[in-house]
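Report on one structure; see the data block that follows.
The values are calculated or read from the model by the stated rules, or taken from the named source; none is laboratory data. Worth saying up front: this structure is predicted, and the values here are computed from it rather than measured. Note that each Cβ is placed from the backbone with ideal geometry, even for glycine, and that neighbours are counted across all protein chains shown. Please note that ligands, DNA and RNA were not included when accessible areas were found on the heavy atoms of the full protein model with its side chains. Shrake-Rupley method; radii C 1.70, N 1.55, O 1.52, S 1.80 Å.
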Amino acid sequence: MRRSKHRVNAFSLSFLDIMACGFGAVTLLFLILKHDASAVSTADPNLAAEVNLLQEDIRVGEADLVALRNSLAILDQQVVEAQGLSRRVVTDIADTRRELSAQKDPEQDIEILRKQVEELEQETAQLQEQGSADNVRLFIGEGQRQYLTGLKLGGKRILILVDGSASMLSDSIVNVIRSRNMSDAVKRKADKWRRAIRTTEWLVAQLPPDSSYQIYVFNTATKAVAGDTGKWRNTSDRKGLDQAMAQLGKVVPEGGTSLINAFEAVNSFASAPDNLFLITDGLPTQGRKASGYRTISGRDRLKLFANAVEILPRRLPVNVLLFPMEGDPTAAASYWGLALSSQGSFMSPSKDWP
């Protein structure tokens, strides 16, 4: 058999056609399967919803991230402020501790204050001694009251009239009746009478050093306590002052009250007094002589008072110290009027004065 003279070539036209068809088929499949990816991805609504949810979560997460960053910035600022405040507090505490450590011991402060008080007390005592040196007689009262009395303590010739009647034994009539039947020692210790004596001592202690004085006690009669009636005593005589006050302490309150006899003693001096102090407890109960009646009305007592005032020297200041008596309501007004008209003063002290 005769062989053909043509050889088989692998790269002939038929082979190329086959290869081209194969590549075309692959390309067609590729185009069919992958030509629209978005269309494929959106073709399923569930997948699209998940994508939207994921995108929303991303947006929420980004917003939360921004908020967290803002919060973190605020916290950082607060931390800085807290650190600054803490440093300030620590500094204040340190300063306070230094101040406390620099302060003195409270006990030492108390001791210093105590010494200062003692020094002030000593200075006060010295000033009191200097002030009392100007007084003619030292007198320290027991009461706790201090008065702006308004008493006019000046003058060159000062007369003190002390009521020594039985009514000076007490403020009540019943106690007066009881006391006047007791012994003289008990009468001298009567509270009201002791007040009258202390008041006299206070007045004497305030007399001007260059003045003259006299102390009279009156009831139905009038007499000088030192026995030198009608004569002025010198306030510079300290011993004489002490003797006069000692004699006043021996007086026993008794009898009635004759104010006119007391005022007549004012006119018995060769040199008239220029200041008068009257220590009494009520209106007079008799005139120059006893009336003989056991009782007396308030109207009659006012008449006796008016008669006594008429014999007083003109322009003589009358300073009244009234210890009110029970059952004598018009006494205060009457003596106040006398003090006012004579340009004197009126005072009704409490029981703890002077």
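Starting from the Kirkwood radius over alpha-carbon pairs of region 272-354, derive D by Stokes-Einstein at 25 °C in a medium of 0.890 mPa s and give it in µm² s⁻¹.
In µm²/s, the coefficient rounds to 180.
What is the packing order of peptides 19-26, 216-223, taking the mean over residues of other C-beta atoms within 10 Å and listing the highest first?
216-223, 19-26
Quick one: 3J(HN,Hα) in Hz for region 92-98, Karplus 6.51/-1.76/1.60 with θ = phi - 60°, rounded, Gly and Pro as x.
Working through the residues one at a time gives 4, 4, 5, 5, 4, 4, 5 Hz.
So what are the ³J(HN,Hα) numbers for region 241-251, from phi and the Karplus equation (6.51, -1.76, 1.60; θ = phi - 60°), rounded to whole Hz, Gly and Pro as x?
Values, residue by residue: 4, 4, 5, 5, 5, 5, 5, 5, x, 8, 5 Hz.
Would you calculate the separation in nanometres between label points at A221 and S183, each defined as 7 Å from the Cα along the Cα-to-beta-carbon direction?
Simple spin-label model gives 2.6 nm for this pair.
Calculate one ³J(HN,Hα) per residue across region 177-193 by plugging θ = phi - 60° into the Karplus curve 6.51 cos²θ - 1.76 cosθ + 1.60, and present them in order as whole Hz with x for glycine and proline.
Running phi through 6.51 cos²θ - 1.76 cosθ + 1.60 with θ = phi - 60° gives 4, 5, 6, 5, 8, 8, 6, 4, 5, 5, 5, 5, 8, 4, 4, 5, 5 Hz.
Skipping prolines and chain starts, which residues have an amide H placed within reach, meaning under 5 Å, of the one on N219, given they are 5 or more residues away or on another chain?
Residues meeting the amide H criterion: G164, S258.
Tell me which residues come under 5 Å, amide H to amide H, from V320 once H is placed; ignore anything under 5 positions away on its chain.
L278, S345, F346, M347
In whole Å, what are the extents of region 46-119 along the principal axes defined by its C-alpha atoms, from largest to smallest?
Rounded to whole Å, the extents work out to 104, 15, 12 Å.
Would you calculate the separation in nanometres between label points at V90 and S236, each defined as 7 Å from the Cα along the Cα-to-beta-carbon direction?
It works out to 8.4 nm between the two label points.
Just to be sure I follow: if Rg is taken over the C-alpha atoms of region 187-273 and Rh is the Kirkwood radius over the same atoms, what is Rg/Rh?
In region 187-273, Rg relative to Rh is 0.95.
Note the count of lysine pairs whose C-alpha atoms are less than 22 angstrom apart in region 186-247, limited to pairs 8 or more residues apart or on different chains.
6
Residues with amide H under 5 Å of N275's amide H, sequence separation 5 or more or different chain, H placed in the peptide plane at 1.01 Å from N; which?
R157, L159
Considering only protein heavy atoms and a 1.4 Å probe, what is the carbon-and-sulfur percentage of the accessible area of region 169-315?
47 percent
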